[in-house]
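Q: Have a look at the structure that comes next, please.
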Amino acid sequence: MENKAVERYLVLLRRELVCSGVDRARFLTQGRTLLGEFLEENPNARYEDLAAAYGPPGDLAAEMLSRLDPGEVERAGRQRKYIRRALAAVIALALISCTVYWAVKWAKAQEVLRGDFYVVETVNVLTEEEAYEREQQMIKENQAQKGE
């Protein structure tokens, strides 16, 4: 059954089926069988023909879902809503994180371009005695290296 109209109808039907995955698969199999039978009788059927025969995918989905427990359908709807909100939050967080990262990187690059930064260096100040001792130590080290 390689009819694009049937595949389009099934894709739209799948979107409308707000239920568990097992029930959705069962309903889609039923829908595929139903549409396949229609396609055997009408091989050149278009999407409009399918919608005229069975109604819009939303209506067929509502009819299929009416066979299930209303609480189960409501629970699946809440779960779908929760998943969509969680996904939207993750995407928003990722976009905000990327924006902040690149903004900081850009600001640092601008500092370097403007010369807007400071090099801080610690300076050890030696007393005269410490300087004399270091000088003597360096002289001894140089003599030891020359003597080797």
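Q: Going through segment 3-16 one residue at a time, which ones are of a type outside the set (S, T, N, Q) and either over 30 Å from Gly71 (Cβ atoms) or open to solvent by 30 Å² or more (accessible area, probe 1.4 Å) (or both)?
A: Matches in segment 3-16: Lys4, Ala5, Val6, Glu7, Arg8, Val11, Leu12, Arg14, Arg15, Glu16.
Q: Taking the stated definitions as given, is Glu133 assigned to a helix (DSSP H, G or I), surrounded by 10 or more Cβ atoms within 10 Å (Cβ to Cβ) and out of contact with any helix residue (DSSP H, G or I) (no Cβ under 7 Å at 6 or more places or on another chain)?
A: Details: assigned to a helix (DSSP H, G or I): yes; surrounded by 10 or more Cβ atoms within 10 Å (Cβ to Cβ): yes; out of contact with any helix residue (DSSP H, G or I) (no Cβ under 7 Å at 6 or more places or on another chain): yes.
Spelling it out, Glu133 is indeed assigned to a helix (DSSP H, G or I), surrounded by 10 or more Cβ atoms within 10 Å (Cβ to Cβ) and out of contact with any helix residue (DSSP H, G or I) (no Cβ under 7 Å at 6 or more places or on another chain).
Q: Give just the number: which of (1) aliphatic (A, V, I, L, M); (2) surrounded by 12 or more Cβ atoms within 10 Å (Cβ to Cβ); (3) part of a helix (DSSP H, G or I) does Ala52 not satisfy?
A: Tallying (1) aliphatic (A, V, I, L, M); (2) surrounded by 12 or more Cβ atoms within 10 Å (Cβ to Cβ); (3) part of a helix (DSSP H, G or I), Ala52 fails exactly one: (2).
Q: Taking segment 59-70 only, how many residues are in a helix (DSSP H, G or I) and either touching a residue at least 60 places away in the same chain (Cβ under 8 Å) or open to solvent by less than 30 Å² (accessible area, probe 1.4 Å) (or both)? Quick ask: steps written out before the conclusion?
A: Within segment 59-70, the subset in a helix (DSSP H, G or I) is 59-65, 70.
If we keep only those that are either touching a residue at least 60 places away in the same chain (Cβ under 8 Å) or open to solvent by less than 30 Å² (accessible area, probe 1.4 Å) (or both) as well, we get 60-61, 64-65.
Of the residues in that region, 4 qualify.
Q: To continue, here is another question. Anything in segment 17-49 that is open to solvent by 90 Å² or more (accessible area, probe 1.4 Å) and assigned to a helix (DSSP H, G or I)? List them, or say none.
A: The answer is Val22, Arg26, Arg32, Glu37, Glu40, Glu41, Glu48.
Q: Just the residues that are over 30 Å from Arg78 (Cβ atoms) and aromatic (Phe, Trp, Tyr), please, taken from segment 1-60.
A: Once the filter is applied, which keeps residues that are over 30 Å from Arg78 (Cβ atoms) and aromatic (Phe, Trp, Tyr), segment 1-60 yields Phe38, Tyr47.
Q: Surrounded by 10 or more Cβ atoms within 10 Å (Cβ to Cβ), of a type in the set (Phe, Trp, Tyr) and more than 28 Å from the chain's Cα centre (by Cα): does that describe Tyr101?
A: Details: surrounded by 10 or more Cβ atoms within 10 Å (Cβ to Cβ): yes; of a type in the set (Phe, Trp, Tyr): yes; more than 28 Å from the chain's Cα centre (by Cα): no.
Against the criterion (surrounded by 10 or more Cβ atoms within 10 Å (Cβ to Cβ), of a type in the set (Phe, Trp, Tyr) and more than 28 Å from the chain's Cα centre (by Cα)), Tyr101 does not qualify.
Q: Using the structure shown, decide if Arg85 is within 17 Å of Arg14 (Cα to Cα), basic (Lys, Arg) and modelled with pLDDT of 90 or more. First the steps, then the outcome.
A: Details: within 17 Å of Arg14 (Cα to Cα): no; basic (Lys, Arg): yes; modelled with pLDDT of 90 or more: yes.
Spelling it out, it is not the case that Arg85 is within 17 Å of Arg14 (Cα to Cα), basic (Lys, Arg) and modelled with pLDDT of 90 or more.
The values are calculated or read from the model by the stated rules, or taken from the named source; none is laboratory data. Note that the coordinates shown come from a computational prediction; the quantities given were computed from them, not determined experimentally. Glycine gets a Cβ as well: all are built from the backbone with ideal geometry, and neighbour counts include every protein chain shown. Side chains included, ligands, DNA and RNA excluded: accessible areas come from the protein's heavy atoms. Shrake-Rupley method; radii C 1.70, N 1.55, O 1.52, S 1.80 Å.
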